[in-house]
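Note sheet for the following structure.
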Amino acid sequence: MDRFKAMQTFVQIADQGSMTRAAEVLGSSLPAVVRSLAALEAHLGVRLFHRTTRRLSLTEEGRHYLPSAREVLLAADTADLALKTEAHEPAGLLTITAPVLFGHMYVAPAIMRFKRYDKVRCSVLLYDRTVNLLEENIDVGIRISPLEDSSLVAQTLGTIRRVVAVSPDYLALHGVPQHPRDLDGAPCRRVAIWPPGRR
């Protein structure tokens, strides 16, 4: 027996004063309404209605049960409405992780623009290591590298490219590097990441 549906049926019969009208309101058939009420009464072990060929009225037990049944149905409707409202308005804690430099340059400013949602709180974790999103309860991870096989959903946000720039004085002193290992030990003054999407 679907107890929730049986309660709905019981309340509609009480409100309509007729099983036939209750069936019409519920979009059900009369036999289905009769079976639902019978199952509820069997479950409760009491009769909820006095039935005659001409009249239907609540028993004493039915009068006591009706307000409680209404409260249960109202609570369910309220819970449904609250969930639907929350689904349309972002709320809660959003935890994001990203590499340190990229996070400072692009993620943190984007989070500030996201503050138009009053019910959303953001936590940004900046690490130069791969973070396990599931184990560390993180909602979104920004990655700047090939992704490992995973069941997580990934979406491309943009493209970046890294460049190595040197001054003419460095080239005059050390020559033109022929391989990345030629830069081992070279003084690095600044690391920059080009904005996503720029070429």
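All of the numbers you see were taken from the coordinates with simple rules; none came from a lab. Remember, it's a predicted structure, so these values are computed and weren't measured experimentally. Neighbour counts run over all protein chains shown; Cβ positions are idealised from the backbone, glycine included.
Taking +1 at the Cβ of each Lys and Arg and -1 at the Cβ of each Asp and Glu, which of Val176, Leu133, Ala69 sits farthest along the dipole of the chain towards its positive end, judged by Cα position relative to the Cα centre? Working it through, the farthest residue towards the positive pole turns out to be Ala69. Each label was represented as a point 7 Å from its Cα along the Cα-to-Cβ direction; for Thr130 and Lys5 these points are 4.9 nm apart. Loop-located trypsin sites (Lys or Arg not before Pro) across segment 73-122 with a Cβ neighbour count of 15 or fewer within 10 Å are Lys119, with loop assigned by DSSP.
Report the calculated FRET efficiency for Val72 and Arg143 (r = Cβ-Cβ distance, R0 = 35 Å), to the nearest 0.05. Efficiency at R0 = 35 Å is approximately 0.15. Projected label points at Asp184 and Thr59, each 7 Å from Cα along the beta carbon direction, are separated by 9.1 nanometres.
Counting only DSSP H runs of at least 4 residues, each contributing -39500 (n - 2.57), and dividing by the residue count of the chain, the helix-based mean residue ellipticity at 222 nm comes to -12500 deg cm²/dmol. Within the chain, the longest run free of GluC sites (Glu not before Pro) that sit in a DSSP loop with at most 13 other Cβ atoms within 10 Å is 1-134. Placing a pseudo-label 7 Å from each Cα along the Cα-to-Cβ vector at Met105 and Thr20 gives an inter-label distance of 7.7 nm. Look at the alpha carbon pairs under 8 Å that are at least 6 residues apart: their mean separation over the length of segment 1-110 gives a relative contact order of 21 percent. Given (i) 0.98; (ii) 1.08; (iii) 2.02 as candidate values of Cα Rg over 2.2 N^0.38 Å, which corresponds to the one derived from the coordinates? Recomputing Cα Rg over 2.2 N^0.38 Å here picks out (iii).
Within the same chain, lysines fewer than 8 places from Lys5 are excluded, and of the rest, those with a Cα less than 24 Å from its Cα are Lys84. The Arg161 and Asp118 beta-carbon pair, evaluated with R₀ = 41 Å, returns a calculated FRET efficiency of approximately 0.65. The share of Cα pairs per 5 Å bin across segment 89-157, counted from zero up to the longest distance, runs 4, 15, 26, 25, 19, 9, 2, 0 percent. Its relative contact order, with pairs defined as Cα atoms under 8 Å and 6+ residues apart, puts the chain at 15 percent. Taken about its Cα centre, the chain carries a charge dipole of about 540 debye when Lys and Arg each add +1 at the Cβ and Asp and Glu each add -1 at the Cβ.
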